[in-house]
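**Student:** Okay, here's the structure, questions in a sec.
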Amino acid sequence: MAPLPEILEWYSLTEMVNEFKSPNSFLVNSVFGNRRELPTENIVYRIQRKGRKVAPFVEKGHESLLSGGYSEEEVNFTAPNIRIRRPLEACDLLFRRHAGDVIFADGSTQAEAAAREVALQLQALNDEVSNAEEYLAALAIQGVITYSTPDEAAYTINMNKPAGNTIVLGTFWDDASPEPLKDIMLARRTMHDAVNLNPQIAILGSEAADEFLSNTEIQRLLDIRRLDTGPVTITQDIQESGAMFMGAFMGIEWWAYTREVEVAGSSVPLIRPKYAEFLNVSPSAQHIMFYGGISDLDANDQGTIATRRFSKSWRQPDPSSQQVLVSSRPLPIMRRPGSSVSMKVVSG
């Protein structure tokens, strides 16, 4: 016989402490805020390219020269598949008492506790999907999404980011005599040459953020009152999304983003510690989070194949248990990948 808890004394019930870590969302909300649900798993779009060719000159009275035209290519992607579930044993749902619950319960109390437990487990699954979306967004910014499945199948989704948009500086910000102003101008020119856009935000990894705040060249420029560089601040708190706004400098919003996620048992930083990611996040950049069709017959019966998240629950008769499942097929796409410039600004 299981012993009863010590109930012949008085206890005070205080507020619950919730230590659920909020899911990461800064990149998805800031860069891939445009979202679209699709009924298929394959995504195709067309890219047309034309350079700045000068029209050829001919002698007057001579035959015209062939010129003009543009190139065209078709881009295909397949959305990754996320499908996770959680088994909830009947004995845990019906008879497990959580801290703060009444000791002597009736049927309604047990039903409420079971419903609460299912909701918490479903929230945990959804948070994992949110972290996966953020992880994919971080890889898309770098230019290549790579992931693998438990059966060792490996997948690569190449955004075809221009090779010149990944820059390793010759003189890093932690070297002697760095020139961050020239580096920022290099990022501007690189992006503008690629897609006629300018950086609007810069997202710094942990080491890059530290060097940005301690860089003597940046501090010197901030002391020149007639030079409109913008205010840098160190008074902002880290937001719930995990990012910290450091201010505006040279017309660019600067953010520190040092969050990490757990991937296959290892902790991985979302933004590479030594890098600054320069991004244009306007509608002209055409960043979009696609959600591929859910491959589930129940979703098909409900008419919810084209959705961001699909969840369902079912019971297994013996041994009795409740299964909860969440499925999603997120794919962040940089339709104009030249609107991202990755710059390694710290040595090592």
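**Student:** Would the stretch 259-279 turn up any residue that is touching a helix residue (DSSP H, G or I) at 6+ places or on another chain (Cβ under 6 Å) and among the charged types (D, E, K, R)?
**Tutor:** yes
**Student:** From the list D301, D318, exactly one residue is in a loop (DSSP other than H, G, I, E, B) and under 30 Å from E89 (Cβ atoms). Which is it?
**Tutor:** Values: D301 fails: in a loop (DSSP other than H, G, I, E, B).
Just one listed residue meets the conditions, D318.
So that you can scan it fast, the table gives a plain yes or no per residue for (1) in contact with a strand residue (DSSP E or B) (Cβ under 8 Å, 6 or more places away or on another chain); (2) small (G, A, S):
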site	(1), (2)
Q239	yes, no
P269	yes, no
G293	no, yes
A299	yes, yes
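**Student:** Which ones in the stretch 275-293 are crowded, with 16+ Cβ neighbours inside 10 Å and either free of Cβ contacts under 8 Å to residues at least 40 places away in the same chain or part of a helix (DSSP H, G or I) (or both)?
**Tutor:** Listed by number, the list holds a single entry, A285.
**Student:** Another question, then. Can you find a residue that is at pLDDT 75 or above, touching a helix residue (DSSP H, G or I) at 6+ places or on another chain (Cβ under 7 Å) and either more than 30 Å from V345 (Cβ to Cβ) or outside any loop (DSSP other than H, G, I, E, B) (or both) anywhere in the stretch 147-154? Before you say what the answer is, go through the steps one by one.
**Tutor:** Step one: of the stretch 147-154, the residues at pLDDT 75 or above are 147-154.
When the remaining residues are screened for being touching a helix residue (DSSP H, G or I) at 6+ places or on another chain (Cβ under 7 Å), the result is none.
No, there is no match, as no residue in the stretch 147-154 is at pLDDT 75 or above, touching a helix residue (DSSP H, G or I) at 6+ places or on another chain (Cβ under 7 Å) and either more than 30 Å from V345 (Cβ to Cβ) or outside any loop (DSSP other than H, G, I, E, B) (or both).
**Student:** Continuing with the same structure: Take the stretch 168-199 and flag every residue that is crowded, with 17+ Cβ neighbours inside 10 Å and either among the charged types (D, E, K, R) or out of contact with any helix residue (DSSP H, G or I) (no Cβ under 7 Å at 6 or more places or on another chain) (or both).
**Tutor:** Step one: of the stretch 168-199, the residues crowded, with 17+ Cβ neighbours inside 10 Å are 169, 172-174, 178, 180, 183-184, 187-188, 190-191, 194-195, 197, 199.
Scanning the stretch 168-199 gives F172, D174, D183, I184, A187, R188.
**Student:** So E262 clears everything in (1) part of a strand (DSSP E or B); (2) of a type outside the set (S, T, Y); (3) surrounded by fewer than 17 Cβ atoms within 10 Å (Cβ to Cβ); (4) more than 17 Å from the chain's Cα centre (by Cα) except one condition, right? Which one?
**Tutor:** (4)
**Student:** Name the residues in the stretch 279-321 that are polar (S, T, N, Q) and more than 18 Å from A140 (Cα to Cα), would you?
**Tutor:** Narrowing the stretch 279-321 to residues polar (S, T, N, Q): 280, 282, 284, 286, 295, 300, 302, 304, 307, 311, 313, 316, 320-321.
If the condition is that a residue be polar (S, T, N, Q) and more than 18 Å from A140 (Cα to Cα), then S295, N300, Q302, T304, T307, S311, S313, Q316, S320, S321 are the ones that fit.
**Student:** Considering only residues that are outside any strand (DSSP E or B) and in contact (Cβ under 8 Å) with a residue 24 or more places away in the chain, which ones fall in the stretch 64-84? Steps first, answer last, please.
**Tutor:** Quick first cut of the stretch 64-84, residues outside any strand (DSSP E or B) only: 64-70, 79-81.
Hits for the stretch 64-84 are A79, P80, N81.
**Student:** Moving on to the next point. Suppose the filter is surrounded by fewer than 21 Cβ atoms within 10 Å (Cβ to Cβ) and in contact (Cβ under 8 Å) with a residue 60 or more places away in the chain; does S328 pass it? So that I can check it myself, show each step before the final result.
**Tutor:** Details: surrounded by fewer than 21 Cβ atoms within 10 Å (Cβ to Cβ): no; in contact (Cβ under 8 Å) with a residue 60 or more places away in the chain: yes.
For S328, the condition - surrounded by fewer than 21 Cβ atoms within 10 Å (Cβ to Cβ) and in contact (Cβ under 8 Å) with a residue 60 or more places away in the chain - is not met.
**Student:** Regarding the stretch 312-329, can at least one residue be identified that is aliphatic (A, V, I, L, M), at pLDDT below 90 and farther than 21 Å from R35 by Cβ?
**Tutor:** Narrowing the stretch 312-329 to residues aliphatic (A, V, I, L, M): 324-326.
Cutting the leftovers down to at pLDDT below 90 gives us 324.
Next, only the ones that are farther than 21 Å from R35 by Cβ stay: 324.
Yes, there is a match, as at least one residue in the stretch 312-329 is aliphatic (A, V, I, L, M), at pLDDT below 90 and farther than 21 Å from R35 by Cβ.
**Student:** Follow-up question, since we're still on this one. For residues in the stretch 245-258 being in contact (Cβ under 8 Å) with a residue 24 or more places away in the chain and either part of a strand (DSSP E or B) or touching a Cys at 6+ places or on another chain (Cβ under 6 Å) (or both), which is nearest to F26 (Cα to Cα)?
**Tutor:** Across the stretch 245-258, the extreme among qualifying residues is Y257.
**Student:** Given (1) at pLDDT below 95; (2) part of a strand (DSSP E or B), identify the lone condition not met by R220.
**Tutor:** It is condition (2) that R220 fails.
**Student:** Looking at (1) more than 16 Å from L279 (Cβ to Cβ); (2) touching a residue at least 24 places away in the same chain (Cβ under 8 Å); (3) β-branched (V, I, T), which is the one condition that is false for T146?
**Tutor:** (2)
Residue-wise test of (1) surrounded by 21 or more Cβ atoms within 10 Å (Cβ to Cβ); (2) touching a residue at least 60 places away in the same chain (Cβ under 8 Å); (3) among the aliphatic types (A, V, I, L, M).
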| residue | (1), (2), (3) |
| --- | --- |
| S295 | no, yes, no |
| D301 | no, no, no |
| A306 | no, yes, yes |
| S311 | no, yes, no |
| W314 | no, no, no |
| Q323 | no, yes, no |
| I333 | yes, yes, yes |
| M343 | yes, yes, yes |
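**Student:** Any chance the stretch 115-135 includes a residue that's in a helix (DSSP H, G or I), crowded, with 19+ Cβ neighbours inside 10 Å, touching a residue at least 12 places away in the same chain (Cβ under 8 Å) and among the small types (G, A, S)?
**Tutor:** Scanning the stretch 115-135, I find at least one residue that is in a helix (DSSP H, G or I), crowded, with 19+ Cβ neighbours inside 10 Å, touching a residue at least 12 places away in the same chain (Cβ under 8 Å) and among the small types (G, A, S), so the answer is yes.
**Student:** Within the stretch 167-185, does at least one residue satisfy the condition of being more than 25 Å from F245 (Cβ to Cβ), touching a strand residue (DSSP E or B) at 6+ places or on another chain (Cβ under 7 Å) and modelled with pLDDT of 95 or more?
**Tutor:** yes
**Student:** What are the residues in the stretch 6-55 that are touching a Gly at 6+ places or on another chain (Cβ under 9 Å), at pLDDT 60 or above, assigned to a loop (DSSP other than H, G, I, E, B) and more than 22 Å from T78 (Cα to Cα), if any?
**Tutor:** S22, N24, S25, K50, K53, A55 - these are the residues of the stretch 6-55 that are touching a Gly at 6+ places or on another chain (Cβ under 9 Å), at pLDDT 60 or above, assigned to a loop (DSSP other than H, G, I, E, B) and more than 22 Å from T78 (Cα to Cα).
The values are calculated or read from the model by the stated rules, or taken from the named source; none is laboratory data. Model, not experiment: these values are computed from the prediction. Cβ sites come from the backbone with ideal geometry, for glycine too, and all protein chains shown count toward neighbours.
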